[in-house]
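**Student:** Mind having a look at this structure? Questions to follow.
The values are calculated or read from the model by the stated rules, or taken from the named source; none is laboratory data. Keep in mind that this is a model prediction, so the values were computed, not measured. In this analysis, Cβ positions are derived from the backbone assuming ideal geometry, glycine residues included, and neighbour counts consider all displayed protein chains.
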Amino acid sequence: MSTKGKAPEAELIARTLEFKGGKVARNRLAKAPLEETLSRTGGGPPNHAHYELYRAWARGGWGLIITGNIAIDPLHLGTPWDITIPYDERNLTFFKTAMKRYADACTGRDQPDMVDPKSRPLAVVQLVHAGRQSMRGSGRGITKPALAPSAVPMSTMGGLGPVGRFMDHLLWGSVAAMTLEQVHELRDRFVQAALICAEAGFDGVELHGSHGYQLAAFLSPRTNLRTDDYGGSPENRARLLLEIVDLIRTQVAPDFLIGVKLNSSDYVQGGLTEDDALLNVKWLAETDQVDFVEISGGNYENPSFVMEGFDSEAEKAKLEKLSSKKNAADGKRDAKATGTGAATVQGSGADPNAKTTERTGKREAFFQNFARRCRSTLPEGSRLKIILTGGLRSRHGIASAINPDDGAADMACLGRPAAVFPALPLRLTDTSIDDASPEAGTPEFKVPAVTSLALVPIKIVGAGWGTLWHTFHMAQTVLGKSDNLDKSTYALIKDYTKTGATQTGFKEPNDDLFMLLVMVAIPMVACIGVFTFGSRS
């Protein structure tokens, strides 16, 4: 790291990053994929609201922009307001046209007077199938089950006993195991989606294999109970992902980026562990076809990763404690049945005293320890770059994470700060601002009521509100009102309803008020259920 001047950390963050195919990111800052919820109800193409939002990010100085997820299957949406690739040819033709405009907005090609074509951001589309985490009515009939590797129902409210199971069923519905033919159709739709993105002019795609979505469900031993070629061993669980990567790489240009978002751990009992995740990174690196892996963790059943104060090591310690209790109970039962002594309990290897990087009194880089393990296992000269997301805020924390001497990653990925401050990279890379200055990092901001909602014994409620609040701020950017932290929640909601489809030029009905009511109703119903019935379970 340079020691000249007063901003060596800004200089480090401002360094370019070249990928094997030849594409170059202008700096080491990536805008993380964020759920925009700006499409029409039921899903649709990108629209004017998306274009305005991404034009702001294109002007903001990011080295890499990863879009919010685009659903490859209109029947399995993460929310009812996702961008989604249609089935029918007529709508697909219009979708492809909209995607070209989307690519121009993301890369800044449609505003060359404001974004230098020689230093424009690289733009990558995140592709997703929500799988078992697709809520009722999100693209399909409310009685039609979600498709997943195996028929393992969602459990976001398991701590509430029978009431929790009922509420989960009410929210998520049933789950059906996919046939082999459906698995192959899923694979082909991912490939088709990647080719559409390449044709539209995007620089690459990211396959969402994290946070419990479909590809992550295939990778997890808890949700993949299959006995065919796509289940059982860790290699079989990774087969689908590797097949998708191979099929995309053989049909796109050499410089087209292929990335994968992976969990470091699911942080749920019986789920993906760090050792499992390291194998997945190893296999992706060995293909020499993947340009980057974005490291994250958690899923809807344990959404702690999107809540204030998340600590990956503490989550691992909790799992180890639960596993020890279960093993001890199992050992006692076995001992009682066989007449032998209690079995010795083996831990999972997580260090309960380990801590993530702490700087300026705050915890950042949630998954830095795991990212460092990934980096140490990569062969020298590997094509695979490591992108670290989760918790990064300050210039010092980012520089520490990407330090070539002892850092964990090649690039830092920022999500929620990007939602509030779309031009944040201009500040983080400004060498005229002293590294030690309070002006060097992300301005302080807090999500209102998040502390109170954290008391609700259903993590997805507090996590959902935090996500929704940042969604409101993305709407502020759409309307040209970003960086306003003093605006009330009511004013944010009122502005959010002005970003509807009638302002896009697509002549679609303005259903934002309906969208807002549904989004607010979900956590409200959950809270009412907790306080009304929770004590009886």
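**Student:** Specify the residue that is modelled with the lowest pLDDT; the eligible residues are those in the range 400-413 that are within 14 Å of Gly441 (Cβ to Cβ) and surrounded by 24 or more Cβ atoms within 10 Å (Cβ to Cβ).
**Tutor:** Step one: of the range 400-413, the residues within 14 Å of Gly441 (Cβ to Cβ) are 400-401, 412.
Still in the running and surrounded by 24 or more Cβ atoms within 10 Å (Cβ to Cβ): 401, 412.
On the way: Ala401: 93, Ala412: 96.
Across the range 400-413, the extreme among qualifying residues is Ala401.
**Student:** Exactly one condition in (1) touching a helix residue (DSSP H, G or I) at 6+ places or on another chain (Cβ under 9 Å); (2) at positive phi is false for Gly139; which is it?
**Tutor:** (1)
**Student:** Assuming Glu181 fulfils every condition listed in (1) modelled with pLDDT of 95 or more; (2) on the phi > 0 side of the Ramachandran plot apart from one, which condition is it?
**Tutor:** (2)
**Student:** Does Thr41 satisfy being at negative phi, without any contact (Cβ under 8 Å) to a residue 60 or more places away in the chain and among the polar types (S, T, N, Q)? Break it down into steps so the answer makes sense when it comes.
**Tutor:** Values: at negative phi: yes; without any contact (Cβ under 8 Å) to a residue 60 or more places away in the chain: no; among the polar types (S, T, N, Q): yes.
Spelling it out, it is not the case that Thr41 is at negative phi, without any contact (Cβ under 8 Å) to a residue 60 or more places away in the chain and among the polar types (S, T, N, Q).
**Student:** In addition: Quick check on this structure: which one of Gly173, Gly141, Gly164 is surrounded by fewer than 24 Cβ atoms within 10 Å (Cβ to Cβ), farther than 27 Å from Gln289 by Cα and without any contact (Cβ under 8 Å) to a residue 24 or more places away in the chain?
**Tutor:** Values: Gly173 fails: without any contact (Cβ under 8 Å) to a residue 24 or more places away in the chain; Gly164 fails: without any contact (Cβ under 8 Å) to a residue 24 or more places away in the chain.
On inspection, the qualifying residue turns out to be Gly141.
**Student:** I want to confirm something. Restricting to the range 211-225 and keeping residues that are part of a loop (DSSP other than H, G, I, E, B) and more than 21 Å from Leu75 (Cβ to Cβ), which single residue is nearest to the chain's Cα centre (by Cα)?
**Tutor:** In the first step, residues of the range 211-225 are kept if they are part of a loop (DSSP other than H, G, I, E, B); the result is 212-213, 220-225.
Still in the running and more than 21 Å from Leu75 (Cβ to Cβ): 220-222, 225.
Details: Ser220: 16, Pro221: 20, Arg222: 20, Leu225: 24 Å.
Taking the candidates together, the pick is Ser220.
**Student:** While we're on this one: State yes or no: is Leu147 in the same structural domain as Leu426 (by TED's automatic domain parsing) and surrounded by 22 or more Cβ atoms within 10 Å (Cβ to Cβ)?
**Tutor:** Values: in the same structural domain as Leu426 (by TED's automatic domain parsing): yes; surrounded by 22 or more Cβ atoms within 10 Å (Cβ to Cβ): yes.
When the stated conditions are applied, Leu147 passes them.
**Student:** A further question on this structure: State whether one or more residues within the range 115-123 are at pLDDT 95 or above and buried (at least 24 other Cβ atoms within 10 Å of the Cβ).
**Tutor:** Within the range 115-123 (the criterion being at pLDDT 95 or above and buried (at least 24 other Cβ atoms within 10 Å of the Cβ)), the answer is yes, since at least one residue qualifies.
**Student:** Additional query: If a residue must be farther than 20 Å from Pro443 by Cβ and of a type in the set (Ser, Thr, Tyr), how many such residues does the range 379-399 contain?
**Tutor:** First pass over the range 379-399, keeping only residues farther than 20 Å from Pro443 by Cβ: 379-388.
Now restrict to residues that are of a type in the set (Ser, Thr, Tyr): 382.
Count: 1.
**Student:** Give Glu35, Glu52, Glu18 a once-over and let me know the one that is assigned by TED's automatic domain parsing to the domain that holds Arg416, touching a residue at least 60 places away in the same chain (Cβ under 8 Å), under 19 Å from Glu294 (Cα atoms) and of a type in the set (Asp, Glu). Lay out the reasoning, then the answer.
**Tutor:** Numbers: Glu52 fails: under 19 Å from Glu294 (Cα atoms); Glu18 fails: touching a residue at least 60 places away in the same chain (Cβ under 8 Å).
Result of the check over Glu35, Glu52, Glu18: Glu35.
**Student:** With the requirement that a residue be assigned to a helix (DSSP H, G or I) and among the aliphatic types (A, V, I, L, M), what does the range 144-184 give you? Lay out the reasoning, then the answer.
**Tutor:** Filtering the range 144-184 for residues assigned to a helix (DSSP H, G or I) gives 158-172, 180-184.
The answer is Leu160, Val163, Met167, Leu170, Leu171, Leu180, Val183.
**Student:** Scan the range 224-239 and give yes if some residue there is surrounded by fewer than 17 Cβ atoms within 10 Å (Cβ to Cβ), within 26 Å of Thr107 (Cβ to Cβ) and in the same structural domain as Tyr102 (by TED's automatic domain parsing), otherwise no.
**Tutor:** No: the range 224-239 contains no residue that is surrounded by fewer than 17 Cβ atoms within 10 Å (Cβ to Cβ), within 26 Å of Thr107 (Cβ to Cβ) and in the same structural domain as Tyr102 (by TED's automatic domain parsing).
**Student:** Now for a separate question. Suppose we keep only residues that are under 26 Å from Ser376 (Cβ atoms) and either small (Gly, Ala, Ser) or not assigned by TED's automatic domain parsing to the domain that holds Ser155 (or both) within the range 240-287. Which one would you say is modelled with the lowest pLDDT?
**Tutor:** Gly271
**Student:** Restricting to the range 1-40, name every residue that is crowded, with 18+ Cβ neighbours inside 10 Å and hydroxyl-bearing (Ser, Thr, Tyr).
**Tutor:** Thr37, Ser39
**Student:** Right, another one. Within the range 98-123, which residues are over 22 Å from Glu35 (Cα atoms) and in contact (Cβ under 8 Å) with a residue 24 or more places away in the chain? Step through it out loud before you land on a result.
**Tutor:** First pass over the range 98-123, keeping only residues over 22 Å from Glu35 (Cα atoms): 109-120.
Scanning the range 98-123 gives Arg109, Asp110, Gln111, Met114, Val115, Ser119, Arg120.
**Student:** Here's a follow-up. Counting only residues that are part of a loop (DSSP other than H, G, I, E, B) and charged (D, E, K, R), which one in the range 355-390 is modelled with the lowest pLDDT?
**Tutor:** Lys355
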